[in-house]
Amino acid sequence: MNALQYTIINGEMILQRLHTILHQKCHLQPHSTILLGVSGGADSLCLMDVCWHLGLKVHVVHFDHRLRPESSQDAQAVAEMAAARRLPFISQQAEVRSYADQRALSLEAAARELRYRFLFDAARRLAAQAVMVAHTADDQVETVLMHLLRGSGLDGLAGMPFHMLPNPWSDEIALVRPLLSTWREEILVYLQREGLQPLQDSSNQDVTYFRNRLRLETLPYLEQVRPGFRLALHRTAEILSAERELVEEAAAQAWQYAVRTRRQGVIALDAPAFRSQPLAIQRRLLRRAVAELRPGCPELDFAAVERGRNFVLLGRPGRVDLTSGLWLACEQELAWVAAWEAELPGLEWPEAPAGEELVLPLPGRAPLAHGWRLVTERIEGNDLLEMAAANRDPYQAWLDEAALQFPLTVRRRKPGDRLQPLGMPAGRIKISDLMINQRLPRRARAAWPLVLSGDQIAWAPGLHTAHAFRLTQASRSAVHLQLVHDPVDML
């Protein structure tokens, strides 16, 4: 007897079980509208029939991806399935391949994005309580294994939830998956007993798609090597799903506490609030910000999460790429996650005085605009080079005191300003090009402070130190410079 045979039950029992799941796990109200995505395949046909038998208020929705010649015939067939049960029917089609090419997405990602956008747009128009899809226990296993192979944390290994609200497409309309504990074997038995004939999608046999390859090749092999593998992986996802709920509850509370601004293309997080959170919550805050700005895009990978998280922890101005046309910028006490096309509100950056040069005391501090200041100190010792080499903060610099001309001064950039970057013994680069290369926001560039030794730029904070003023093994004293922000200075 195979490991799943005991789960194959008769049609009446599957109705009873799904009736319980719809209420207890999907949290659906029996008399409110539900939007049901139906492709016409075995899983969605089974779910549509079950919902009809249970008397739920369902609108059947079909999305034609136009990836197969017969796709329009499938749409007509689903319309007839709905009509046979006197269920309302809605359909839409889109050129998924063109959409994928325009946005450099895989066909799978493009299809998912367009399909869910349509489902939730329709749900909003119909004031539906939820969008329902027919993912099964087999889909759950495939999803968890796919995440495991790609590398994932708790969210990926916990798989898909029965009830998801908020979700990447809505804060008000739930996404529900009542078949997540129902195996495909059960569904086929149900369809056979009810005399129902599902549509066949030829693309499901195409092993060039990663998920198909897992389903058709990898999982059968693993089940052969370790009988019961699918069931074991499904149980693991159930265990982790319960643990995820606890973490997600804490993350939801942190989100309410940390979010300062939400608008089209932009989310601002309170940087100190972000830094005060545990590591796991910090990662979830970034993932949620990305999911809200780019619904349906692939999950933010570990490297991107850590890149963004460390950038916020550093707390210096500038910005860094995340994923899918999103970037993260730090400005004063805010961390902005934004789309490339979005404009941020006019927050204040450090500004050198207009039309004059500011003398830098040594040691001491020179106030700049908006609560910023440049701090200087003299350091002596034999380990200066090692100290400077260990620095990873672009808003600190160590310069060889013997190479400098005093007093050091600060001014704004001028046309034609150039700098010979550290490590480049020949050649000079325009300051304007350095600002663009380091993605310094455009509005910060004109007044950005530059530190000069005589008539040479010795340091461009956040950009580069000049090669001519670098520390060497022969250096015995250094000038340590820092660009820091302290709102207390504004009082």
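The values are calculated or read from the model by the stated rules, or taken from the named source; none is laboratory data. None of these values were measured; they are calculated from a predicted model. Ideal geometry is used to build each Cβ from the backbone, glycine not excepted, and the neighbour counts take in all protein chains shown. These accessible areas exclude ligands, DNA and RNA; they are computed on the full protein's heavy atoms, side chains included. Shrake-Rupley method; radii C 1.70, N 1.55, O 1.52, S 1.80 Å.
Quick one: length gained pulling Glu377 to Arg124 fully straight, 0.36 nm per residue minus the C-alpha distance?
85.0 nm
Sketch the reach of a paramagnetic label on Gln197 as a point 7 Å from Cα along Cα-to-Cβ, and name the residues of the stretch 38-74 whose backbone nitrogen lies under 15 Å away.
Label zone hits: 41-42, 74.
In degrees, nearest 10, range 0 to 90: what is the angle between the Cα axis of helix 42-53 and the longest Cα principal axis of the chain?
It works out to around 70 degrees.
May I ask for the distance between the Cα centers of the stretch 190-223 and the stretch 251-315, given as a whole number of Å?
About 37 Å separates the Cα centre of the stretch 190-223 from the one of the stretch 251-315.
Apply the a/c threshold of 1.5 to the C-alpha gyration tensor of the stretch 16-161 and tell me whether it is rounded, prolate or oblate.
Oblate.
Can you give the relative contact order of the chain as a percent, counting alpha carbon pairs under 8 Å and 6+ residues apart?
Worked out over the chain, it gives 11 percent.
Sorting His370, His31, His53 by accessible area (1.4 Å probe), largest first, what list results?
Largest accessible area first, the residues go His31, His53, His370.
For the residue pair Lys414 and Asp455, what label-to-label distance in nm results when each label sits 7 Å from Cα along the Cα-to-beta-carbon direction?
Roughly 0.8 nm, to one decimal.
At Leu165 and Asp301, where each label point lies 7 Å from the Cα along Cα→Cβ, what is the point-to-point distance in nanometres?
Calculated label separation equals 3.5 nm.
Using alpha-carbon positions, what is the distance between the centroids of the stretch 415-472 and the stretch 16-39, in Å?
Comparing the Cα centres of the stretch 415-472 and the stretch 16-39, I get a distance of 61 Å.
Given a Förster distance of 41 angstrom, what is the FRET efficiency for Ala390 paired with Gln256, based on the Cβ-Cβ distance and rounded to 0.05?
For R0 = 41 Å, the calculated efficiency reads 0.60.
Give me the accessible area per residue for the chain, probe 1.4 Å, as a whole number in Å².
Value for the chain: 48 Å² per residue.
Using the beta-carbon distance between Ala232 and Ile429 and R0 = 60 Å, what value does 1/(1 + (r/R0)^6) give for FRET efficiency, to the nearest 0.05?
0.55
For labels at Arg213 and Leu358 in the simple 7 Å Cα→Cβ model, what's the distance in nm?
The answer from the label model is 5.7 nm.
Straight-line reach only, C-alpha to C-alpha below 26 angstrom: list the lysines that Lys414 could link to, leaving out same-chain residues fewer than 8 apart.
Lys430
Using +1 at the C-beta of Lys and Arg and -1 at the C-beta of Asp and Glu, which of Val312, Gln29, Ala109 has the Cα lying farthest in the positive direction of the dipole of the chain?
Val312
Expressed as an acute angle from 0 to 90° and rounded to the nearest 10, what is the orientation of the C-alpha long axis of helix 71-84 relative to the principal long axis of the chain?
Rounded to the nearest ten degrees, it is 50.
Which residues among the stretch 244-261 fall inside the zone where the amide N is under 17 Å from a point 7 Å beyond the Cα of Leu154, along Cα→Cβ?
244-256
Compute the angle between helix 107-125 and the longest alpha-carbon principal axis of the chain, please, reported from 0 to 90 degrees and rounded to the nearest 10.
Helix 107-125 sits at roughly 70 degrees to that axis.
Counting helices only, and only those DSSP H runs with n ≥ 4, report the 222 nm mean residue ellipticity of the chain as the sum of -39,500 (n - 2.57) divided by its residues, in deg cm²/dmol to the nearest 500.
-11500 deg cm²/dmol
On full extension of the chain, what length is gained from Asp206 through Val320, given 0.36 nm per residue of separation minus the C-alpha to C-alpha distance?
37.3 nm
If the only charges are +1 at each Lys and Arg Cβ and -1 at each Asp and Glu Cβ, what is the size of the charge dipole of the chain around the Cα centre, to the nearest 20 debye?
Once rounded to the nearest 20, the dipole reads 620 debye.
Could you tell me what percent of the accessible area of the stretch 168-290 is made up of carbon and sulfur, with a 1.4 Å probe and every protein chain present?
Here it works out to 51 percent.
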